[in-house]
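**Q** Can you keep this structure in mind? I'll have questions shortly.
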Amino acid sequence: MKKLWVFGDSYGVHVAQNPNSITPWFWAYDLAKKLKCSQYENHCQMGVSNEYIHKCIKNYKDEISSDDYVIVITTSILRKWFFKDRPFISNFYIDNFNDMVTKDEFESVRRYVTHLNNPDLNSIYFEDYLGWLHYMSRKNDWNMLVLPGFESDGYPISDRYIVKGTLIDICSNEFSSNESAKWFYSSFSNGRDRRAGHLLKDNHTILSNKIYNTFEQNEELDLTNGFFKGTIIKNNEKYLKDQIPDLDLSNTHVKGFVPKI
């Protein structure tokens, strides 16, 4: 009985408020069906750091079998798991960080970022994390694919499968211009990204097909080419309504869930 396990940040979150509101064309869910998995476990959550994703994998590592498929989405190395009970508050550089924490918490994190944040250590920690993933994959014979959300170049992303580029390449390239991106985020999306997993519907299908071919045919996963680009154009609301799920993303952070196929 094969499962598809997905761990990561918002690139893997369905944005549905409950398991019964799954977006049927979401890339990971569609992939589970293509792979003929009997179960689909999605443990992604918005805004989390690699440390939190690491902890999620450790929580379920004994349940993952060699017959399963495992996808780990890595997130930005700038994020930190600052607050144990609020892992989604990990990005100090977002505009409204101070609105999400107390004054004392904000000052503590500000001091950390100012005096203790070390770019070289961030890179080393990321390399260590990737090393742990590859070690666990080989030790336990996991059929695992590491899917980089942000950083990729110069890091040991590829192991069992070759991966080129990042998910943010697909995400950013969907905008026709900086003006269109500004309009999309500020006007059309009301300050949030309404795209499921930060991607338009058409690119979900392409991503699902590409990952399927990687798992089944051992093809290189190229995240830099073969996707729709420049399709988000200012004021093109008619097109976007068919590309974005009808879900309210203006509420609180959405926690990943574990639906069954």
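The values are calculated or read from the model by the stated rules, or taken from the named source; none is laboratory data. Treat the numbers as computed from the prediction; the structure is a model and nothing was measured. Glycine also receives a Cβ, built like all others from the backbone with ideal geometry; neighbour counts cover every protein chain displayed.
**Q** Taking Phe97, is it within 24 Å of Tyr11 (Cβ to Cβ) and touching a residue at least 40 places away in the same chain (Cβ under 8 Å)?
**A** Spelling it out, it is not the case that Phe97 is within 24 Å of Tyr11 (Cβ to Cβ) and touching a residue at least 40 places away in the same chain (Cβ under 8 Å).
**Q** Follow-up question, since we're still on this one. So Lys58 ticks every box in (1) more than 24 Å from Lys139 (Cβ to Cβ); (2) in a helix (DSSP H, G or I); (3) charged (D, E, K, R) but one. Which box is left unticked?
**A** All conditions are met except number (1).
**Q** Among Ser108, Ser66, Ser76, Ser38, which is the only one that is within 23 Å of Leu221 (Cα to Cα), over 21 Å from the mean Cα position of the chain (by Cα) and polar (S, T, N, Q)?
**A** After ruling out the rest, the residue left standing is Ser66.
**Q** For the range 47-60: of the residues being within 22 Å of Phe150 (Cα to Cα) and touching a strand residue (DSSP E or B) at 6+ places or on another chain (Cβ under 8 Å), which is surrounded by the fewest Cβ atoms within 10 Å (Cβ to Cβ)?
**A** Ranking the candidates gives Cys56 first.
To keep it simple, each residue is scored yes or no on (1) under 25 Å from Cys37 (Cα atoms); (2) under 14 Å from the mean Cα position of the chain (by Cα).
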| site | (1), (2) |
| --- | --- |
| Lys182 | no, no |
| Ala196 | yes, yes |
| Tyr212 | yes, no |
| Asp222 | yes, no |
| Glu237 | no, no |
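**Q** Residue check: is Ile244 farther than 21 Å from Val72 by Cα, touching an Asp or Glu at 6+ places or on another chain (Cβ under 6 Å) and surrounded by 19 or more Cβ atoms within 10 Å (Cβ to Cβ)?
**A** Details: farther than 21 Å from Val72 by Cα: yes; touching an Asp or Glu at 6+ places or on another chain (Cβ under 6 Å): no; surrounded by 19 or more Cβ atoms within 10 Å (Cβ to Cβ): yes.
Against the criterion (farther than 21 Å from Val72 by Cα, touching an Asp or Glu at 6+ places or on another chain (Cβ under 6 Å) and surrounded by 19 or more Cβ atoms within 10 Å (Cβ to Cβ)), Ile244 does not qualify.
**Q** Can you name every residue in the range 53-98 that is among the polar types (S, T, N, Q) and closer than 24 Å to Ile124 by Cβ? Talk me through it step by step, then tell me what you get.
**A** Applying the first criterion (among the polar types (S, T, N, Q)) to the range 53-98 yields 59, 65-66, 74-76, 90-91, 96, 98.
Across the range 53-98, the qualifying residues are Thr74, Thr75, Ser76, Ser90, Asn91.
**Q** Go through the residues of the range 200-213 one by one and say whether even a single one is farther than 30 Å from Asp95 by Cα, modelled with pLDDT of 95 or more and touching a Pro at 6+ places or on another chain (Cβ under 8 Å).
**A** No, the range 200-213 contains no residue that is farther than 30 Å from Asp95 by Cα, modelled with pLDDT of 95 or more and touching a Pro at 6+ places or on another chain (Cβ under 8 Å).
**Q** Next question. Restricting attention to the range 133-150, does a residue exist that is within 19 Å of the chain's Cα centre (by Cα), assigned to a helix (DSSP H, G or I) and closer than 19 Å to Cys44 by Cα?
**A** For the range 133-150, residues within 19 Å of the chain's Cα centre (by Cα), assigned to a helix (DSSP H, G or I) and closer than 19 Å to Cys44 by Cα: present.
**Q** What number goes with the only condition from (1) more than 15 Å from the chain's Cα centre (by Cα); (2) at pLDDT 95 or above; (3) part of a helix (DSSP H, G or I) that Ile53 does not pass?
**A** The one condition Ile53 does not meet is (1).
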